[in-house]
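*Asks:* Got a structure for you, questions after.
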Amino acid sequence: MNSLLLTGGRVIDPANHLDQTADILITNGKIAAISPAAAKQAPPNIERMDVAGLVVCPGLIDLHVHLREPGQTAKETIATGTAAAARGGFTSVVCMPNTSPTIDNSGTVALIHERAAKQGVVNVFVAGAITKGIAGEELAPIGSLKRAGVVAITDDGHCVQNNEMMRRAMEYAKMFDLPLMDHCQDYSLVTDGVMHEGYWSTALGLPGWPAAGEEMIVARNILLAEMTGARVHCQHISTAGSVKLLREARRRGVPVSGEACPHHFTLTDVAIAGSEKFWQADGKDIFGRDFERPSWPAYDTNFKMNPPLRSASDREAVLEGIVDGTLDILCSDHAPHCDYEKEVEFDSAPFGITGLETELALSLMQLVHSGRLGLPDLISRFTVAPARLLGLAKGTLSIGADADVTVINPDHEWAFDKTASASKSGNSPFDGWRLKGKAAATIVSGRKVWAEEVEMSAN
Ligand SMILES: [Zn+2]
């Protein structure tokens, strides 16, 4: 059980600076050997997978996922969300605490751990809330959340507006050695904004969400991280100004980091004016001439997320931030919503899109196939970097490590079809897109939980 031999793949393990053709021997759920001759050490009856021509890397980690359980299981469950993660190549996810009830106490953390052990197909790590009920008024019991096993704290979906409270939260986070992750949004500036404030919000008559509404809080977080020494991670960075602030702060040694999501480095605000406008304007140079350009109407609520799609220069700055390591973590912000919730006017639709099954392909296309970033550097942003931030013993193929492994075919061309998704929800702007690059197999503790054409069930 849980033993497997992967032969002939290109093994890329950024944590160990490894990039070579080798066999990987997994025994009892752990990495036992990696070498061109590892097959010779394998017991004769071991299950074999020929992965020649494919990339084999540490299991991918997505540290920003909304699993919606408990309380919002019409949108997603631990079972369906982790199945979508497995299909996307992810062996570990971190679930956000804006559930119902919110993850602001040790009981809810225990409940999720218990359900994830029974129903999850990949590892589920839990982020606890910063404030009770994510209401921003009173701190959550951060010490007891830490003892219950949370790997970070965040009020994601909301942002703590009170600076004194954020300072105290950072002091507790530091005391308990937890990273504090923040959804950066200044409410007084953003008010009722639903899309990026600029030409297109005016043209479309929608309330604007100004870039400064994010940058204000990124700047606040940098100042407080410097003051408290806490590790502060800014979630889903979307603007050029935020990238600039983080780059400068990291150069000075402030313990801040940032993450980027594929929708922010692929799409722009023009997409809300419909596909025709997007492909004529900001979309015209992406993915090259052969890319089949999908279509969608104006005001499509699958292009509404928080923070919103930004301008082309913001998109470019986010890509540059990823390439130079300012944004050293990639994630989906997978945020499922029911069709009936999204099938309303743009103004009143909830923010958020699904992303677990498309993020690897979009990242490969925009970063690796475009020639901006090498494959090992892309893999590091999905493995060792999030593992380091969260203090997880994951994200590496070191001998003795848990055998969480992703097999990737970077050149596989396929179309994303939301009706065939493992997620319970279909609110993706990338439905029908032809994509390049896909997980071929996802292995958790030596067990294949997903492989192209073959689906496995939980336990
Ligand atoms: Zn958020």
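*Asks:* Sorted by packing (mean other beta-carbon atoms within 10 Å per residue), highest first, where do 285-295, 269-279 land?
*Replies:* Top to bottom by mean Cβ count within 10 Å: 269-279, 285-295.
*Asks:* On to the next question. Largest first and in whole Å, what are the equivalent-ellipsoid semi-axes of region 193-247 based on the Cα gyration tensor, each being the root of 5 times an eigenvalue? Before the final figure, lay out each step's value.
*Replies:* Working: eigenvalues 155, 17, 12 Å².
For region 193-247, the semi-axes come out at 28, 9, 8 Å.
*Asks:* Separate question: How many percent of all Cα-Cα pairs in the chain sit more than 29 Å apart?
*Replies:* Counting pairs separated by more than 29 Å, the tail of P(r) holds 44 percent.
*Asks:* Same structure, new question: In what sequence, highest mean first, do 30-38, 193-201 appear when ranked by Cβ atoms within 10 angstrom?
*Replies:* 193-201, 30-38
*Asks:* If you count, for each residue, the other Cβ atoms within 10 Å and average over each peptide, how do 39-50, 332-343, 410-421 line up from highest to lowest?
*Replies:* Order by mean packing, descending: 332-343, 410-421, 39-50.
*Asks:* Put one equal scatterer on each alpha carbon of region 131-232, apply the Debye formula with no solvent term, and list log10 I(q)/I(0) at q = 0.14 1/Å to two decimals.
*Replies:* Calculated log10 I(q)/I(0) at the listed q: -0.56.
*Asks:* Which whole-Hz couplings ³J(HN,Hα) result when phi for each residue of region 372-383 is put into the Karplus expression 6.51 cos²θ - 1.76 cosθ + 1.60, θ = phi - 60°, listed in order with x for Gly and Pro?
*Replies:* 7, 9, x, 4, x, 5, 5, 4, 4, 6, 10, 10
*Asks:* Based on the Cβ-Cβ distance of residue 114 and residue 281, what FRET efficiency does E = 1/(1 + (r/R0)^6) give at R0 = 51 Å, to the nearest 0.05?
*Replies:* Numbers: r = 49 Å, r/R0 = 0.96.
For R0 = 51 Å, the calculated efficiency reads 0.55.
*Asks:* Still on this structure, please answer the following. Mind checking the per residue accessible area of region 106-199 for me, 1.4 Å probe, whole number of Å²?
*Replies:* 42
*Asks:* Determine the distance separating the Cα centre of region 386-435 from the Cα centre of region 17-77; give it in Å without decimals.
*Replies:* What the calculation gives is 12 Å, centre to centre.
*Asks:* Something else about it: Given a 1.4 Å probe and every protein chain left where it sits, what share in percent of the accessible area of the chain is carbon and sulfur?
*Replies:* 49
*Asks:* Given a Förster radius of 45 Å and the C-beta distance between residue 100 and residue 413 as r, what FRET efficiency does 1/(1 + (r/R0)^6) yield to the nearest 0.05?
*Replies:* Efficiency at R0 = 45 Å is approximately 0.70.
*Asks:* I've got another one for you. Take region 281-330, compute every pairwise Cα distance, and split them into 10 Å bins from 0; I just need the percent in each bin.
*Replies:* 19, 42, 35, 4
*Asks:* Between Rg and the Kirkwood Rh of region 399-459, both from Cα atoms, what is the Rg to Rh ratio?
*Replies:* Ratio value, two decimals: 1.03.
*Asks:* What's the Kirkwood radius of region 1-140 in Å, using all Cα pairs?
*Replies:* Computed over Cα pairs of region 1-140, the Kirkwood hydrodynamic radius comes out at 17.1 Å.
*Asks:* So for the pair residue 227, residue 171, with labels modelled 7 Å out along Cα→Cβ, what separation do we get in nm?
*Replies:* Label at residue 227, label at residue 171, 1.1 nm between them.
The values are calculated or read from the model by the stated rules, or taken from the named source; none is laboratory data. Nothing here was measured: the structure is a model prediction, and the numbers come from that model. Virtual Cβ from ideal backbone geometry, glycine too; neighbours counted across all protein chains shown. Note: areas computed on protein heavy atoms with side chains; ligands, DNA, RNA excluded. Shrake-Rupley method; radii C 1.70, N 1.55, O 1.52, S 1.80 Å.
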